[in-house]
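Visitor: A single structure is presented below for examination.
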Amino acid sequence: MNFRFLEVRDSDMLEKVFAFRYKILLEIYPEYLKISGFSDAKEYDKYDRYSVHFAALNEEGDVCATVRLIHHSPIGYPTENSMIFDNSMFERDKLGEMSRIFVDAKYRNIQTTKKIIQEVKKFMYVKMTKLGILYTYGSLEASFLRLLRIYKMNYHTISEEQRHEYFGLRYPSVLYTKQLGEDNPEIIEQI
């Protein structure tokens with residue numbers, strides 16, 4: 001299976017990303033979509049305007065994975081706006097949040113997910129470095145936290161597990177850009 005990975009730069013592709021996110025959230029969190037009232041079968045929120053979006057496209061050119069990097073957000077970040085923890089340890093201008101990490105169900109197997117996550121790590125590391133982001137929040141379920149650690153995305157929990165308003169039990173977490181590079185030296189070699 002061959003994928004094409006790209007930073008989303010045009011509005012047509014961004015609309016496809018929003019439609020893909022809606023599709024995935026309909027599978028895993030349909031109650032969130034009901035509450036949010038999206039009428040156009042696209043999921044987006046107030047953080048998207050402060051985000052860089054990435055997508056993986058399958059051989060047919062369809063979106064099959066997404067992630068966004070929220071950065072330099074004047075309205076804060078989803079994790080800090082929905083969870084309780086001490087955020088005073090982070091410099092605001094060096095902070096970001098990685099979210100909406102979604103992979104289409106038909107590609108959720110060890111081998112294919114690993115391939116997708118490898119490229120996501122590379123894209124994210126390069127972008128975080130260019131933007132001067134030293135640490136990246138994440139609001140992560142325990143099982144997803146373990147999976148990301150297997151793929152050498154070593155998020156650290158920064159508070160106890162909490163119930164998110166829409167998405168169940170999660171840990172407020174942080175990923176250090178420097179550690180991401182150290183844990184994945186092949187990323188640095190490829191850039």
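Visitor: For the chain, with the dipole built from +1 on Lys and Arg beta-carbon atoms and -1 on Asp and Glu ones, taken about the Cα centre, which of Leu180, Gln111, Leu57 lies farthest toward the positive end?
Guide: Gln111
Visitor: What's the exposure ranking of Ile188, Ile35, Ile24, going from fewest to most Cβ atoms within 10 Å?
Guide: Ile35, Ile188, Ile24
Visitor: For semi-axes √(5λ) of the Cα gyration tensor in Å, several values are listed as (i) 23, 21, 17; (ii) 25, 24, 20; (iii) 31, 18, 14; flag the one computed from this structure.
Guide: Only one option fits the structure, namely (i).
Visitor: Distance from the Cα centre of the stretch 31-47 to that of the stretch 1-17, in angstrom?
Guide: Measuring centre to centre over Cα atoms gives 20 Å.
Visitor: Considering only DSSP beta bridges whose two residues both sit in the chain, what percent are antiparallel, to the nearest 5?
Guide: 90 percent
Visitor: Which order do peptides 115-122, 132-139, 148-155, 8-15 fall in by mean Cβ count within 10 Å, highest first?
Guide: In decreasing order of mean packing, 115-122, 132-139, 148-155, 8-15 become 132-139, 115-122, 148-155, 8-15.
Visitor: Given a cut-off of 25 Å, name the pairs among Lys46/Lys130; Lys94/Lys122; Lys94/Lys115 whose C-alpha atoms lie farther apart than that in the structure shown.
Guide: Lys94/Lys115
Visitor: Same structure again: For the stretch 146-191 and the stretch 116-130, what is the separation of their C-alpha centers, rounded to whole Å?
Guide: After rounding, the separation between the Cα centres reads 13 Å.
Visitor: Treating only the Cβ atoms of Lys and Arg (+1) and Asp and Glu (-1) as charged, compute the dipole magnitude of the stretch 4-190 about its Cα centre; round to the nearest 20 debye.
Guide: That gives the stretch 4-190 a dipole magnitude of about 240 debye.
Every number here is computed from the coordinates shown, using simple stated rules; none is lab data. For clarity, every value in this text was computed on a predicted model and none was experimentally measured. No Cβ is skipped: glycine too gets one built from the backbone with ideal geometry, and neighbour counts run over all protein chains shown.
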